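Step one of this worksheet: look at the structure below.
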Amino acid sequence: MGMGLDPGAIQARHVAVTLATWDAVWGEYLHPKWAEQRMRLHGAQEKVLERYFMKIHLAVDMLTGMLEEEVGLAAQVVRLVVAGGSVGSLDTIAQANQYSKHQLALQPIKELDAYCAELGCALPLDIMPGAEDPTNVALPQQPLHRCLLPGSSRCPELVRATNPHAFQLDGVRLLGTSGQPVDDMVKYSQQPDRLAVLEWSLRWRHLAPTAPDTLTTYPFHDRDPFILDATPHVLFAGNQPEFATRMATGAGGQAVRLIAVPSFHRTGCLVLLNLRSLECRPVCFGCSLGDGQPATPTPPAVAASGQDAAAVMAQ
C-alpha cells in the first residue's frame, strides 16, 4: 500500500471493533424509543401514499367524467398521454421486503393495469415508458410489454408507445420524451431553465444531443433516429420538477409549443393542451390530510377552455 498499511491488519481491526460493539449497538437499536420513532416514520409514509393515491383517483374520476362539476371538461379531452414513470424501479420496491419481494414488485404493475383499464375504456390512452419502468434503459425505449398490462391491453384505444413518442391529433404534430434527454442536458450544463434546454434541442434538430456520451442510447450505425426531420407543433418533456411552457419561433416563422410536464406523483398536476390554439395549462389535484382525519379531496385548481384538449401526464 502507498502508506504502508496492511490490508489484513485493517480488516482484522474492523472485525475486532464490530465484535466489541455488537451488543451495545443492537441494544440501542432495540430500545423502545427508537421503535416508536420507526412506527412514526411508517405512519408518515402511509399518509404520503394515501395522499398520492387520492390524487390519482381524483384525476381518473375527472378524466372519465365521474366528477359532476367537471363533466364538460372530460367530454373535451380527446387523448391522454402518460409520459413515463408509471411503475418505477422494481428492484427498489423489492428491496423493501425480501420475504415478499415478488408480491411487492408486482403490486405497482397491477395497479397501473387497473388504472389503464379504467381510463382506456373512457378515452384514448398512450402510455410511454420512463427511466425506471420495466423496459430497456437505452433510448429509444420500447413499449411496455403486453404481458405487464393483461387487463388494459384489451382496450382498443390503449397505445403502448415508445419513448420518444411522436403522434398526430387533428393535424397537430406532437413529439415528446419522458424527460431523460432534458434531465441529462441540465445535469451537464449551467442552464437550469428546462424550457431553454428543450428549445436548444429543437433548434439543434436533435432530441438527445448528449447521447451517447452521457445518455445511454442504442448504437445505431446507419441512421440517427433522434434527428428531427420535421418541426413538430408541440414538443414536450415529461417528469420535470414543475410545469412550464412557452412558444418558440423559428427563422422560417414556425411556432412550436414547448411544455415541461411536471411529475404527477410530486406535484399532482397534469397538463391540458388546446389543440386549436396550442395554449396549455396545468390542472392540479390535491387533498388535505390531518392527523387522524380522512383525506378530503380538492377539486382541480384550473379549469380548461372550451376547446378539444389533449391531456399529458407524467407519473
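Looking at GLN168, GLN107, can you tell me which residue is among the polar types (S, T, N, Q) and assigned to a helix (DSSP H, G or I)? Steps first, answer last, please.
Working: GLN168 fails: assigned to a helix (DSSP H, G or I).
Exactly one residue qualifies, and that residue is GLN107.
When residues of segment 187-244 are filtered for being acidic (Asp, Glu) and farther than 22 Å from SER263 by Cα, how many remain? Give the steps one after another, and end with the answer.
Start the filter on segment 187-244 by keeping residues that are acidic (Asp, Glu), which leaves 193, 199, 213, 222, 224, 229, 242.
Subset that is farther than 22 Å from SER263 by Cα: 213, 222, 224, 229.
So the count comes out to 4.
Exactly one condition in (1) in contact with a strand residue (DSSP E or B) (Cβ under 7 Å, 6 or more places away or on another chain); (2) over 19 Å from PRO129 (Cβ atoms) is false for ASP229; which is it?
All conditions are met except number (1).
Please enumerate the residues belonging to segment 142-197 that are within 22 Å of ASP126 (Cα to Cα), touching a helix residue (DSSP H, G or I) at 6+ places or on another chain (Cβ under 6 Å) and surrounded by 13 or more Cβ atoms within 10 Å (Cβ to Cβ).
Within segment 142-197, LEU148, LEU149, GLY151, SER152, SER153, CYS155, GLU157, LEU158, VAL182 meet the criteria.
Considering PRO212, PRO143, PRO192, PRO181, which residue is modelled with pLDDT of 95 or more, in a loop (DSSP other than H, G, I, E, B) and of a type outside the set (A, V, I, L, M)? Step through it out loud before you land on a result.
Details: PRO212 fails: modelled with pLDDT of 95 or more; PRO192 fails: modelled with pLDDT of 95 or more; PRO181 fails: in a loop (DSSP other than H, G, I, E, B).
Only one candidate qualifies: PRO143.
Answer yes or no as to whether GLY292 is at positive phi, modelled with pLDDT under 85 and either in contact with a Ser or Thr (Cβ under 7 Å, 6 or more places away or on another chain) or part of a loop (DSSP other than H, G, I, E, B) (or both). Let's see the steps before the verdict.
Details: at positive phi: yes; modelled with pLDDT under 85: yes; either in contact with a Ser or Thr (Cβ under 7 Å, 6 or more places away or on another chain) or part of a loop (DSSP other than H, G, I, E, B) (or both): yes.
Judged against the criteria, GLY292 is a match.
List the pairs whose first member sits in segment 252-269 and is in contact (Cβ under 8 Å) with a residue 40 or more places away in the chain and under 16 Å from ARG194 (Cβ atoms), whose second member is assigned to a strand (DSSP E or B) and of a type in the set (Phe, Trp, Tyr), and whose Cβ atoms are under 7 Å apart, counting only residues at least 6 apart or on separate chains?
Listed by first residue and then by second, the contacts come to ILE259/PHE236; VAL261/PHE236.
Tell me the residue from ALA230, ALA166, ALA244, ALA211 that is over 23 Å from the mean Cα position of the chain (by Cα) and in contact (Cβ under 8 Å) with a residue 24 or more places away in the chain, please.
Values: ALA166 fails: over 23 Å from the mean Cα position of the chain (by Cα); ALA244 fails: over 23 Å from the mean Cα position of the chain (by Cα); ALA211 fails: over 23 Å from the mean Cα position of the chain (by Cα).
Being over 23 Å from the mean Cα position of the chain (by Cα) and in contact (Cβ under 8 Å) with a residue 24 or more places away in the chain holds for just one of ALA230, ALA166, ALA244, ALA211, which is ALA230.
LEU67 - would you say it is modelled with pLDDT under 80 and not acidic (Asp, Glu)?
Values: modelled with pLDDT under 80: no; not acidic (Asp, Glu): yes.
So LEU67 does not fit the description; no.
The values are calculated or read from the model by the stated rules, or taken from the named source; none is laboratory data. Note that this is a predicted model, so its numbers are computed, not measured. Ideal geometry is used to build each Cβ from the backbone, glycine not excepted, and the neighbour counts take in all protein chains shown.
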